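**Q** After the structure tokens below, expect a handful of questions from me.
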Amino acid sequence: MILPLKYEQISSLTPITLEQSYIFYGNVYLRPERSVFAADVEDGEVRAVGAYLQGMPFHAFSLQLLAAEGEYDATDMLNYFRQQPSVDMPEGQTGVFGLPQAAFERVKIPGIRAQRTLQLMKLVAPDRLLAPGSSRLLAPSEGQLAVALAGQVGMISFRAEEVEEMPHIALFSEQDEPMALAGFHVYDDAFVEIGNIGTSEKHRKKGLGTQIASDISRMGLEKSPNVYLMVFADNPAAIRVYEKLGYETVSRYAFIEFEFAW
């Protein structure tokens, strides 16, 4: 049975840890006002908890299995979310499910179209960061520069609101043209997640991506000692850059695209 779950109830469940439940953890502790939560309860036991995150450029779901073993069919939970007034998901649209990679083989998700792996990386050797570069903080009036560059680069998780909510930096050419961008998805004293990192096509292969990733990592350390990022496993070039800067992979997550076709 799928039941509504309140933020206050989640803390009484099996501990949701940051690194092993990263996507769901962020929705619970940092974005509860934008999230709809649900629990799958069978014979008094909570088998799984899920969340739908509002305000994303795609339908974003996260799932955490609490049952120690056995397969889990996510169809009922998806149907529950679709019935909520705050969730508008007509048939034929696509959604994205995020869950720990280790749980992926146990979960049945209808209408899967594609599956990729995300690596959660943590900055463990900040002494390997580059010397500070010439990147500078974007002023609120320059938010549209970030929006335009994000569109060129194709950042799938970019939200224009993040430029106003959290610091973003950019590297500019001598002609004051934005060449590279970086910012945050999470900016909290407990931990930060750097993101929205990209370089315009005409300025790639110049080391700008490495430099701005290093600069935003330094800024993250000023906010919290725990600096994270997420990167797709099929982007080895980016992973090598982050490893060079002192990051290491601490966990993996399945990023599943599916279609509402039922």
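The values are calculated or read from the model by the stated rules, or taken from the named source; none is laboratory data. Predicted, not measured: the structure shown is a model, and the values here were computed from it. Glycine gets a Cβ as well: all are built from the backbone with ideal geometry, and neighbour counts include every protein chain shown.
**Q** Aromatic (F, W, Y), under 18 Å from the mean Cα position of the chain (by Cα) and under 20 Å from Y228 (Cα atoms): is that true of Y29 in this structure?
**A** Yes.
**Q** Which of the residues belonging to segment 214-259 are more than 18 Å from the chain's Cα centre (by Cα), hydrophobic (A, V, I, L, M, F, W, C) and within 22 Å of Q101 (Cα to Cα)?
**A** If the condition is that a residue be more than 18 Å from the chain's Cα centre (by Cα), hydrophobic (A, V, I, L, M, F, W, C) and within 22 Å of Q101 (Cα to Cα), then A237 is the only one that fits.
**Q** Turning to a different aspect of this structure: Quick one: would you say A102 is surrounded by fewer than 17 Cβ atoms within 10 Å (Cβ to Cβ) and in a strand (DSSP E or B)?
**A** Here the answer is no, as A102 does not meet what is asked.
**Q** If you take the residues in segment 111-127 that are over 17 Å from the mean Cα position of the chain (by Cα) and either aromatic (F, W, Y) or over 22 Å from L181 (Cβ atoms) (or both), which one is surrounded by the fewest Cβ atoms within 10 Å (Cβ to Cβ)?
**A** Applying the filter and picking the extreme gives D127.
**Q** I'm checking my understanding of the structure. Among residues of segment 222-262 that are in contact with a Gly (Cβ under 6 Å, 6 or more places away or on another chain) and surrounded by fewer than 20 Cβ atoms within 10 Å (Cβ to Cβ), which one is nearest to G95 (Cα to Cα)?
**A** E259
**Q** Quick check on my filter: what residues within segment 3-37 are in a loop (DSSP other than H, G, I, E, B) and in contact (Cβ under 8 Å) with a residue 12 or more places away in the chain?
**A** Within segment 3-37, L5, K6, L13, T14, I16, L18, E19, Q20, S21, L30, R31 qualify.
Conditions (1) of a type in the set (A, V, I, L, M, F, W, C); (2) in a loop (DSSP other than H, G, I, E, B); (3) on the phi > 0 side of the Ramachandran plot, marked per residue:
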residue	(1), (2), (3)
A148	yes, no, no
E162	no, no, no
L171	yes, no, no
M179	yes, no, no
D189	no, yes, no
D215	no, no, no
E222	no, no, no
A237	yes, no, no
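**Q** Could I ask something else about it? For segment 79-94, does any single residue satisfy the condition of being in a helix (DSSP H, G or I), of a type in the set (K, R) and modelled with pLDDT under 95?
**A** Yes, segment 79-94 contains at least one residue that is in a helix (DSSP H, G or I), of a type in the set (K, R) and modelled with pLDDT under 95.
**Q** Now for a different question. When segment 191-208 is examined, which residues are found to be within 15 Å of the chain's Cα centre (by Cα) and part of a strand (DSSP E or B)?
**A** V192, E193, I194, G195, N196, I197
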